1. In nm, to one decimal, how far is the modelled label at Leu18 from the one at Leu100, with both set 7 Å along Cα→Cβ?
2. Could you tell me the relative contact order of the stretch 1-45? Use alpha-carbon pairs under 8 Å, at least six residues apart, and round to a whole percent.
3. Are there trypsin sites (Lys or Arg not before Pro) in the stretch 152-199 that DSSP marks as loop and that have at most 11 other Cβ atoms within 10 Å, and which are they?
4. Contact order normalised by length for the stretch 55-112, with contacts defined as Cα pairs under 8 Å and 6 or more residues apart; what percent is it?
5. Around Val126, under 9 Å between beta carbons, what's the net of Lys plus Arg minus Asp minus Glu among the other residues?
6. Looking at the chain, what % of its DSSP beta bridges pair antiparallel, to the nearest 5?
7. Applying the Karplus parametrisation 6.51 cos²θ - 1.76 cosθ + 1.60 with θ = phi - 60° to the phi angles of the stretch 102-118, what ³J(HN,Hα) value in whole Hz is obtained for each residue in order, glycine and proline being reported as x?
8. Given the rule -39500 (n - 2.57) for each run of at least 4 DSSP H residues, summed and divided by the residues of the chain, what is its mean residue ellipticity at 222 nm, to the nearest 500 deg cm²/dmol?
Amino acid sequence: YGMTETCGIIAASAGAFLLDKPASVGRAMPTLEVKCVDDNGNTLPVGARGELWVRGSPVIKGYLNRPDTMVDGWLETGDIAYIDETGFIFLVDRKKEMVLRGGENVYCAEVENALFSHESVAECVVIPIPDERLGEEVGAAIYLQQGSTVTADELRAHCKDQLAAFKIPRYIWIVDQPLPRNASGKFVKKQVQDALAMADAV
(Lines give C-alpha, C1' and ligand atoms only; values in the text may rest on other atoms or scores of the structure.)
Protein backbone atom coordinates (compact mmCIF):
# COMPACT_ATOMS: atom_id res chain seq x y z
CA TYR A 1 0.00 0.00 0.00
CA GLY A 2 1.42 3.38 -0.91
CA MET A 3 1.12 6.76 -2.59
CA THR A 4 3.22 8.86 -4.92
CA GLU A 5 3.40 11.48 -2.15
CA THR A 6 5.27 9.01 0.11
CA CYS A 7 7.81 7.98 -2.55
CA GLY A 8 5.76 4.85 -3.13
CA ILE A 9 5.34 2.48 -0.23
CA ILE A 10 3.59 3.15 3.09
CA ALA A 11 3.01 -0.36 4.38
CA ALA A 12 3.58 -3.95 3.31
CA SER A 13 2.75 -7.47 4.40
CA ALA A 14 4.12 -10.87 3.38
CA GLY A 15 4.69 -14.43 4.56
CA ALA A 16 3.26 -15.37 7.94
CA PHE A 17 1.97 -11.83 8.51
CA LEU A 18 -0.09 -12.00 5.32
CA LEU A 19 -1.42 -15.44 6.22
CA ASP A 20 -2.34 -14.30 9.73
CA LYS A 21 -4.00 -11.03 8.65
CA PRO A 22 -4.88 -11.28 4.95
CA ALA A 23 -7.23 -8.28 5.10
CA SER A 24 -4.44 -5.96 6.27
CA VAL A 25 -2.03 -3.98 4.09
CA GLY A 26 0.59 -4.61 6.77
CA ARG A 27 2.61 -2.42 9.10
CA ALA A 28 4.02 0.98 8.22
CA MET A 29 7.59 1.15 6.96
CA PRO A 30 10.21 1.93 9.65
CA THR A 31 10.74 5.43 8.22
CA LEU A 32 7.08 6.35 8.64
CA GLU A 33 4.57 7.14 11.37
CA VAL A 34 0.87 6.49 10.84
CA LYS A 35 -2.26 7.34 12.77
CA CYS A 36 -6.02 7.49 12.25
CA VAL A 37 -7.81 10.77 12.97
CA ASP A 38 -11.38 12.02 13.21
CA ASP A 39 -12.83 14.87 11.15
CA ASN A 40 -11.24 17.40 13.52
CA GLY A 41 -7.75 15.91 13.24
CA ASN A 42 -7.86 14.27 16.68
CA THR A 43 -5.90 11.03 17.00
CA LEU A 44 -8.21 8.03 17.41
CA PRO A 45 -7.62 5.04 19.70
CA VAL A 46 -6.55 1.60 18.52
CA GLY A 47 -9.19 -0.04 16.35
CA ALA A 48 -11.20 3.12 15.68
CA ARG A 49 -11.93 4.02 12.08
CA GLY A 50 -10.79 7.35 10.72
CA GLU A 51 -8.70 8.97 8.02
CA LEU A 52 -5.17 7.56 7.81
CA TRP A 53 -2.42 10.17 8.14
CA VAL A 54 1.25 9.46 7.48
CA ARG A 55 4.46 11.31 8.36
CA GLY A 56 8.16 10.65 7.81
CA SER A 57 11.26 11.34 5.78
CA PRO A 58 9.93 10.00 2.43
CA VAL A 59 6.75 12.13 2.63
CA ILE A 60 6.43 15.29 0.55
CA LYS A 61 6.68 18.62 2.33
CA GLY A 62 3.45 19.77 0.69
CA TYR A 63 1.70 20.45 -2.58
CA LEU A 64 2.66 23.36 -4.81
CA ASN A 65 0.86 26.56 -3.78
CA ARG A 66 -1.22 24.64 -1.22
CA PRO A 67 0.47 25.28 2.14
CA ASP A 68 -2.61 24.24 4.13
CA THR A 69 -2.59 20.61 2.98
CA MET A 70 -0.09 19.36 5.58
CA VAL A 71 -0.55 19.44 9.36
CA ASP A 72 2.76 19.34 11.27
CA GLY A 73 4.24 17.21 8.50
CA TRP A 74 1.32 14.78 8.40
CA LEU A 75 -0.04 13.83 4.97
CA GLU A 76 -3.78 13.23 4.74
CA THR A 77 -4.12 10.08 2.62
CA GLY A 78 -7.86 10.34 2.01
CA ASP A 79 -8.22 6.68 3.03
CA ILE A 80 -10.47 5.51 5.86
CA ALA A 81 -8.67 2.86 7.91
CA TYR A 82 -8.11 1.44 11.35
CA ILE A 83 -4.92 0.25 13.05
CA ASP A 84 -5.00 -2.77 15.34
CA GLU A 85 -3.14 -3.33 18.60
CA THR A 86 -0.10 -4.74 16.79
CA GLY A 87 0.19 -1.87 14.32
CA PHE A 88 -1.38 -3.55 11.28
CA ILE A 89 -3.32 -1.20 9.01
CA PHE A 90 -6.72 -2.17 7.61
CA LEU A 91 -8.15 -0.04 4.80
CA VAL A 92 -11.91 0.48 4.82
CA ASP A 93 -12.74 2.94 2.02
CA ARG A 94 -11.86 6.23 0.37
CA LYS A 95 -13.05 9.16 2.49
CA LYS A 96 -14.58 10.97 -0.48
CA GLU A 97 -16.54 7.85 -1.44
CA MET A 98 -18.21 7.47 1.92
CA VAL A 99 -21.97 7.94 2.30
CA LEU A 100 -22.98 10.05 5.32
CA ARG A 101 -26.51 8.85 6.08
CA GLY A 102 -28.24 10.56 8.98
CA GLY A 103 -24.94 10.96 10.82
CA GLU A 104 -23.87 7.35 10.19
CA ASN A 105 -20.85 6.58 8.03
CA VAL A 106 -21.55 4.03 5.32
CA TYR A 107 -18.40 2.78 3.59
CA CYS A 108 -19.08 2.13 -0.09
CA ALA A 109 -16.53 -0.68 -0.29
CA GLU A 110 -18.32 -2.62 2.44
CA VAL A 111 -21.66 -2.40 0.63
CA GLU A 112 -20.02 -3.24 -2.72
CA ASN A 113 -18.43 -6.35 -1.20
CA ALA A 114 -21.83 -7.52 0.04
CA LEU A 115 -23.40 -7.01 -3.38
CA PHE A 116 -20.46 -8.63 -5.20
CA SER A 117 -20.96 -11.76 -3.11
CA HIS A 118 -24.22 -12.42 -5.00
CA GLU A 119 -23.54 -14.78 -7.88
CA SER A 120 -25.59 -12.69 -10.34
CA VAL A 121 -23.59 -9.48 -9.84
CA ALA A 122 -20.80 -8.86 -12.35
CA GLU A 123 -20.09 -5.20 -11.51
CA CYS A 124 -21.40 -2.75 -8.95
CA VAL A 125 -20.73 0.76 -7.76
CA VAL A 126 -22.14 2.24 -4.55
CA ILE A 127 -22.71 5.99 -4.50
CA PRO A 128 -24.26 8.64 -2.24
CA ILE A 129 -27.70 9.90 -3.26
CA PRO A 130 -28.80 13.30 -1.87
CA ASP A 131 -31.67 13.01 0.60
CA GLU A 132 -33.62 15.90 2.11
CA ARG A 133 -34.14 14.22 5.52
CA LEU A 134 -30.97 12.16 6.01
CA GLY A 135 -28.47 14.17 3.98
CA GLU A 136 -27.48 11.18 1.85
CA GLU A 137 -28.88 7.75 1.08
CA VAL A 138 -27.15 4.64 -0.24
CA GLY A 139 -27.47 3.96 -3.96
CA ALA A 140 -26.04 1.16 -6.11
CA ALA A 141 -25.62 0.70 -9.86
CA ILE A 142 -25.38 -2.97 -10.77
CA TYR A 143 -24.48 -4.78 -13.98
CA LEU A 144 -25.45 -8.45 -13.95
CA GLN A 145 -23.62 -11.52 -15.13
CA GLN A 146 -24.57 -12.46 -18.67
CA GLY A 147 -27.80 -14.45 -18.65
CA SER A 148 -28.53 -13.74 -14.97
CA THR A 149 -31.70 -12.23 -13.56
CA VAL A 150 -32.25 -10.85 -10.08
CA THR A 151 -34.53 -8.21 -8.60
CA ALA A 152 -33.52 -5.26 -6.45
CA ASP A 153 -35.45 -6.70 -3.51
CA GLU A 154 -33.60 -10.01 -3.85
CA LEU A 155 -30.30 -8.14 -3.73
CA ARG A 156 -31.42 -6.25 -0.62
CA ALA A 157 -32.45 -9.51 1.02
CA HIS A 158 -29.04 -10.97 0.16
CA CYS A 159 -27.34 -8.05 1.94
CA LYS A 160 -29.34 -8.42 5.17
CA ASP A 161 -27.03 -11.08 6.63
CA GLN A 162 -23.95 -8.97 5.91
CA LEU A 163 -24.94 -5.37 6.52
CA ALA A 164 -26.75 -3.26 9.09
CA ALA A 165 -30.17 -2.20 7.82
CA PHE A 166 -29.15 1.44 7.27
CA LYS A 167 -26.32 0.34 4.92
CA ILE A 168 -28.55 -1.63 2.53
CA PRO A 169 -29.06 0.37 -0.69
CA ARG A 170 -32.34 2.26 -0.78
CA TYR A 171 -31.89 3.00 -4.48
CA ILE A 172 -30.76 0.33 -6.95
CA TRP A 173 -30.23 0.66 -10.67
CA ILE A 174 -29.79 -2.54 -12.68
CA VAL A 175 -28.06 -1.33 -15.83
CA ASP A 176 -27.76 -3.04 -19.20
CA GLN A 177 -24.21 -1.96 -20.01
CA PRO A 178 -20.88 -2.50 -18.17
CA LEU A 179 -20.05 0.33 -15.78
CA PRO A 180 -17.52 2.93 -17.02
CA ARG A 181 -13.89 2.52 -15.99
CA ASN A 182 -10.78 4.67 -16.34
CA ALA A 183 -7.46 3.65 -17.91
CA SER A 184 -6.44 1.97 -14.62
CA GLY A 185 -9.55 -0.21 -14.65
CA LYS A 186 -11.22 1.62 -11.75
CA PHE A 187 -14.90 2.47 -11.92
CA VAL A 188 -15.56 6.16 -12.62
CA LYS A 189 -18.17 6.82 -9.95
CA LYS A 190 -18.90 10.41 -10.99
CA GLN A 191 -19.66 9.26 -14.52
CA VAL A 192 -21.91 6.50 -13.18
CA GLN A 193 -23.74 8.96 -10.92
CA ASP A 194 -24.28 11.49 -13.72
CA ALA A 195 -25.78 8.83 -15.99
CA LEU A 196 -28.40 7.60 -13.51
CA ALA A 197 -31.94 8.96 -13.41
CA MET A 198 -33.83 8.80 -10.12
CA ALA A 199 -36.95 7.73 -12.01
CA ASP A 200 -35.16 4.53 -13.05
CA ALA A 201 -34.19 3.47 -9.51
CA VAL A 202 -35.93 0.48 -7.97
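The values are calculated or read from the model by the stated rules, or taken from the named source; none is laboratory data. These numbers were taken from a predicted model, which means no experiment stands behind them. Note that we place each Cβ from the backbone using ideal geometry, even for glycine, and neighbour counts take in every protein chain shown. Calculation scope for accessible area: heavy atoms of the full protein, side chains included, ligands and nucleic acids excluded. Shrake-Rupley method; radii C 1.70, N 1.55, O 1.52, S 1.80 Å.
1. 3.7 nm
2. 26 percent
3. Sparse-neighbourhood loop trypsin sites (Lys or Arg not before Pro): Lys160, Lys186.
4. Reported as a whole number, the value is 20 percent.
5. Residues close to Val126 contribute a combined charge of -2.
6. 90 percent
7. x, x, 9, 7, 10, 8, 4, 4, 5, 5, 4, 4, 5, 5, 4, 6, 7
8. Computed ellipticity for the chain at 222 nm equals -4000 deg cm²/dmol.
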